[in-house]
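Take a look at the structure set out below.
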Amino acid sequence: MPDNIIPIEEHIKDIQEITIAIDTWDDIFSDFDPSPLEQRILSEDFLLELKKRYRETPRGSYMITIYAPVFLKDDASEHIVIKRLKQYFKLRHLAIEKEISRSIQKGFLFIVVGTIFLGFLTLLAYFKLVSVLGIELLGIVLMPLGWFGIWEGFSRIIEPSPLIKQDLEVFGKLAKAIFKFKYAGQGYSESSLFGSNKNSD
């Protein structure tokens, strides 16, 4: 067997299933928003619950099964819900990537400013441009600022905020997850199972 081919048993074992139950579409979308499903705001409670379930099993790929009462069964609505969820997670993932990029840019700026402060203080002392007392007084301000800028800058570049890093991983995994519906007293809905891939773009 080629090295890049994974046995199907291993692939299935690596898929984590997240199950969540809803009673109405208002459990997924905000019940304060009367817009059609294509435009309604997603429910914060639903999104928080998904993130909580993810953190309980953060390994592998994900299959998210939404259990719903049979009267909600509707192929068009399923496709809209899946598309909206996947779009949301993709957009959040991209937004966090941009946030991390901005944080790294600020990190470089901190390092540059901190280096300028320390360099300026060093030049004053080396060339004796001001009195010893003046250098000591400036050092009280410039030295802490300089070292703070350098350390804070490296901190932002090397290790982003743990919460931001965690959200990046959460939304990245959920954006790639397979979504499907299962209804009370029925098997899995084939339309949503295959529709999750059709609507992922």
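The values are calculated or read from the model by the stated rules, or taken from the named source; none is laboratory data. Computed from a predicted model, the values in this text were never measured in an experiment. Heads up, the Cβs are rebuilt from the backbone with ideal geometry, glycines too, and the neighbour counts pull from every protein chain shown.
Got at least one residue in the stretch 97-112 being at pLDDT 95 or above, buried (at least 16 other Cβ atoms within 10 Å of the Cβ), of a type in the set (A, V, I, L, M, F, W, C) and not in a loop (DSSP other than H, G, I, E, B)? Yes; the residues of the stretch 97-112 include at least one that is at pLDDT 95 or above, buried (at least 16 other Cβ atoms within 10 Å of the Cβ), of a type in the set (A, V, I, L, M, F, W, C) and not in a loop (DSSP other than H, G, I, E, B). All of SER30, SER35 fail the test of being in contact with a strand residue (DSSP E or B) (Cβ under 8 Å, 6 or more places away or on another chain), surrounded by fewer than 17 Cβ atoms within 10 Å (Cβ to Cβ), more than 22 Å from LYS173 (Cα to Cα) and free of Cβ contacts under 8 Å to residues at least 60 places away in the same chain, apart from SER30.
Can you tell me which residue is farthest from ASP167 (Cα to Cα) among those in the stretch 99-148 that are among the polar types (S, T, N, Q) and in contact with a helix residue (DSSP H, G or I) (Cβ under 8 Å, 6 or more places away or on another chain)?
Of the stretch 99-148, the ones among the polar types (S, T, N, Q) are 101, 103, 105, 115, 122, 131.
Narrowing further to those that are in contact with a helix residue (DSSP H, G or I) (Cβ under 8 Å, 6 or more places away or on another chain): 103, 115.
Values: SER103: 15, THR115: 32 Å.
Filtering first and then ranking leaves THR115.
Cβ-Cβ distances below 7 Å connect the following pairs, each with a first residue in the stretch 158-171 that is more than 21 Å from ILE18 (Cα to Cα) and crowded, with 16+ Cβ neighbours inside 10 Å, a second residue that is among the aliphatic types (A, V, I, L, M) and modelled with pLDDT of 90 or more, and a separation of six or more residues or different chains: PRO160/ILE100.
Do we have ILE15 as at pLDDT 90 or above, touching a strand residue (DSSP E or B) at 6+ places or on another chain (Cβ under 8 Å) and either β-branched (Val, Ile, Thr) or within 25 Å of ILE164 (Cβ to Cβ) (or both) here? Lay out the reasoning, then the answer.
Working: at pLDDT 90 or above: no; touching a strand residue (DSSP E or B) at 6+ places or on another chain (Cβ under 8 Å): yes; either β-branched (Val, Ile, Thr) or within 25 Å of ILE164 (Cβ to Cβ) (or both): yes.
No, not satisfied.
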